[in-house]
Amino acid sequence: MRCIGVLCSGGDGPGFNPCVRAVVRTGLGLGMRIYGIQRGYAGLIACEMQEMTARSVGGIIGRGGTILGTARSPEFATPLGRREALRNLNKQSIEGLVVIGGDGSMRGAIELHKLGFPVVGLPGSIDNDIVGTDMAIGVDTALNTVIEAVDKIKDTASSHQRAFLIEVMGRASGYLALMSGIAGGAELVLIPEVETPLEKVAAELQDAYMRGKAHCIIIVAEGAKPGTQAVTEYLQAHQEELGFSVRVTVLGHVQRGGSPTAFDRLLATRLGVDAVQALHAGKSGVMIGLMGNKLTETPLEEVVAKPKGIDLEFYRIAGVLAK
Ligand code: F6P
């Protein structure tokens, strides 16, 4: 293989840049030409790509976001969009592609693989909801961002004897909420995987007050049911009986930015190196992941076949430790 492309797709995460860097420099080391494709599959369809050199990825190992840009591309879901993308890859003599992104991006990669185009996927999403890897690129940094916020909110919550709802990202996955709940010492975690009645949330809050806690931190995944708004309204309506007054902080996209942690830089680098080596060895239709600290290959079809889910043992532990 003499020429490959690399693109980032879907929601970005800290660590995408070190991954691009690793892909580019590993490819160059193997004597390949490398094209950086802008704005994911959308850029592929629009033929927005440029040849990368070792210098074009200089100084990005510690930068959040992605220098290539990223996008969600509904156009690529159509046969016409995919045909245009393939035409552009052929036009530039690109013979293989590394796709960095979440499960939607892996679905796009499958389509290219089915058309006979060599493609290797790499898991990147702060949600950590991708089958075939213990950790996706960006998760560790996002977790650390959440923890920093939780620690700070706790300071003021304790001073005022308040309860705080802290909403974290995760449309369909409670991973960030659960892990930050444990690492941040939260009193309660609300996740999409476990429905918690409003009365139970209120009872936990009241119980924490009666046990003499100075604060009550509730981490809410954005996809939890009931969600932030319903819980806030309910708790505020019952504030008098519950003891704590209630405040809300929605962390939002701050979780997607920032300089990647050492863990994310190393993970992204290992995955990037391995993806290029896999393409070079003639592999396609797989995602490289990290399982038990070993790099593994999972067929893309398996990656998107079912939701990853979370280990509910952690949910139980979070409850025990909250006392
Ligand atoms: O999938 C990653 C993620 O950050 C989710 O946690 C969140 O729901 C979504 O992306 C937000 O997407 P956007 O940046 O398009 O608003």
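The values are calculated or read from the model by the stated rules, or taken from the named source; none is laboratory data. Only a predicted model underlies this, so the values are computations on that prediction, with no experimental measurement involved. Quick reminder, even Gly has a Cβ in these numbers, built from the backbone with ideal geometry, and neighbours come from all protein chains shown. Each accessible area value is taken on the protein alone, full model and side chains, heavy atoms only, with ligands, DNA and RNA left out. Shrake-Rupley method; radii C 1.70, N 1.55, O 1.52, S 1.80 Å.
With Cβ to Cβ distances under 13 Å as the rule, what net charge do the other residues near Pro192 carry (K, R +1; D, E -1)?
Here the charged neighbours net out to -3.
I'd like to check one number: the per residue accessible area of region 140-256, probe 1.4 Å, reported in Å² as a whole number.
Solvent-accessible surface per residue comes out at 43 Å².
With a 1.4 Å probe and every protein chain kept in, tell me what percent of the accessible surface of region 140-256 is carbon plus sulfur.
That share works out to 50 percent.
Once every DSSP H run of n ≥ 4 in the chain is given -39500 (n - 2.57) and the sum is divided by its residues, what mean residue ellipticity at 222 nm do you get, rounded to the nearest 500 deg cm²/dmol?
Result for the chain: -13000 deg cm²/dmol, rounded to the nearest 500.
Specify which residue in the list Gly185, Val146, Phe164 is farthest towards the positive end of the charge dipole of region 140-256, using unit charges on the beta carbon of Lys, Arg (+1) and Asp, Glu (-1), about the Cα centre.
Val146
Using alpha carbons only, how many degrees (0 to 90, rounded to 10) separate the axis of helix 312-321 from the longest principal axis of the chain?
For 312-321 against the chain, the angle is about 40 degrees.
Using alpha-carbon positions, what is the distance between the centroids of region 156-178 and region 261-323, in Å?
Centre-to-centre distance over Cα atoms comes out at 25 Å.
Within the accessible area of region 1-84, what % is carbon and sulfur when the probe is 1.4 Å and the other protein chains stay in place?
Looking at region 1-84 in its full context, I get 52 percent from C and S.
If packing is taken as the mean number of other Cβ atoms within 10 Å per residue, what is the order of 74-87, 179-192, highest first?
Per-residue Cβ counts within 10 Å, averaged per peptide and sorted highest first, yield 179-192, 74-87.
Give the Rg/Rh ratio for region 1-75, taking Rg as the radius of gyration of the Cα atoms and Rh as the Kirkwood radius, to two decimals.
Taking Rh as the inverse mean 1/r over Cα pairs, Rg/Rh reads 0.96.
Using the alpha-carbon atoms, what tilt in degrees (0 to 90, nearest 10) does helix 198-210 show relative to the longest principal axis of the chain?
Approximately 60 degrees, to the nearest ten.
If you bin the C-alpha pair distances of region 140-256 every 5 Å from 0, what whole percents do you get?
Each 5 Å bin holds this share of Cα pairs: 2, 13, 25, 26, 20, 10, 3, 0.
With no solvent and one equal point scatterer placed on each C-alpha of the chain, evaluate the Debye formula and give log10 I(q)/I(0) for q = 0.15, 0.16 Å⁻¹, two decimals.
Log-scaled intensity ratios, in q order: -1.05, -1.15.
State, as an integer percentage, the relative contact order of region 140-256 based on alpha-carbon contacts under 8 Å between residues 6 or more apart.
37
If the cut-off is 12 Å between C-alpha atoms, which aspartates and glutamates fall inside it for Lys308, apart from same-chain ones fewer than 8 positions away?
Asp103, Asp127, Asp129, Asp134, Glu193
If we sort 93-102, 118-127 on the protection proxy, mean other Cβ atoms within 10 Å, highest first, what's the order?
In descending order of packing, they fall as 118-127, 93-102.
Once you keep just the Cα pairs under 8 angstrom separated by 6 or more residues, what percentage relative contact order results for the chain?
With pairs under 8 Å counted, the relative contact order is 24 percent.
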